Amino acid sequence: MRSLAAAGIGLFTAGLVLAGCQNPTSSSSSVSVDDYVDASVTPSPATAETSTGKTYRVVRGNNQPDDILDYQFVTSFGITITLNGRADDKDVDLAFPVKLTAVTVVVHQASGGIVSAPTGGETEHYDFVITSSTGSAFSVVNTSQTTNLTVWYTLPDALREALVAVTFAFEDSDGTQFTKTVDVQVAP
């Protein structure tokens, strides 16, 4: 069940990433979301500790009992998002206020900051919670909001290093939607 949920979140996130690659007002423009949405991660890289007490379920099927396993690692970090001065340029033309509508997380096993996809049907297991946020609305350009997250994970390679892709979904007051994905490196 958890693997299916993770896969569903991954597909949802992939859709958001594709949507975020386009300018909210015109797909023919060369403006990228990275031109008007800035992000910073603290700490960078993030560090992980051994996790205790948080579990996940592995569904075995074929009348076999499911496994309940502890997540191996836990990490916490903050991401500050700023809609910079270009957010109200004519090429972007966002209508303020802009609302942060969703945050999704996908954890990838990595080596040297490079994703190393699992093989042989193995999968990453993860869960997350937003521990705090300074808000969900950006009232004008150069407004910032910080979101703090805690992420639990277990990787097929059983190592601590990971790349956590955090996707923020936004909607302006005219209904224009866009996304920004921030990669958070977790140190080995």
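No lab work stands behind these numbers, since they all come straight from the coordinates. All values derive from a computational prediction rather than experimental measurement. Methodologically, a virtual Cβ is constructed for each residue, glycine included, from the backbone with ideal geometry; neighbour enumeration extends over all protein chains shown.
Figures for the structure shown
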read-out	value
In segment 81-188, trypsin sites (Lys or Arg not before Pro) in a DSSP loop with at most 11 other beta-carbon atoms within 10 Å	Lys90
Per-pair calculated FRET efficiency, R0 = 35 Å: Lys90 and Glu122 via Cβ, rounded to 0.05	0.15
Packing rank of 35-46, 120-131, where each peptide gets the mean count of other beta carbons within 10 Å, highest leading	35-46, 120-131
Simple spin-label estimate for Ser136 and Thr101 in nanometres, 7 Å along Cα-Cβ	1.2
Estimated FRET transfer efficiency when R0 is 30 angstrom, pair Asp183-Asp157 (beta carbons, to 0.05)	0.95
Integer Hz, Karplus 6.51/-1.76/1.60 couplings in order for segment 119-135, x for Gly and Pro	10, x, x, 6, 8, 7, 10, 7, 8, 8, 9, 7, 7, 6, 8, 7, x
Extension gain, Ser111 back to Arg57 (0.36 nm per residue minus Cα-Cα distance, nm)	16.9 nm
Percent of Cα-Cα distances greater than 14 Å, calculated over segment 88-164	69
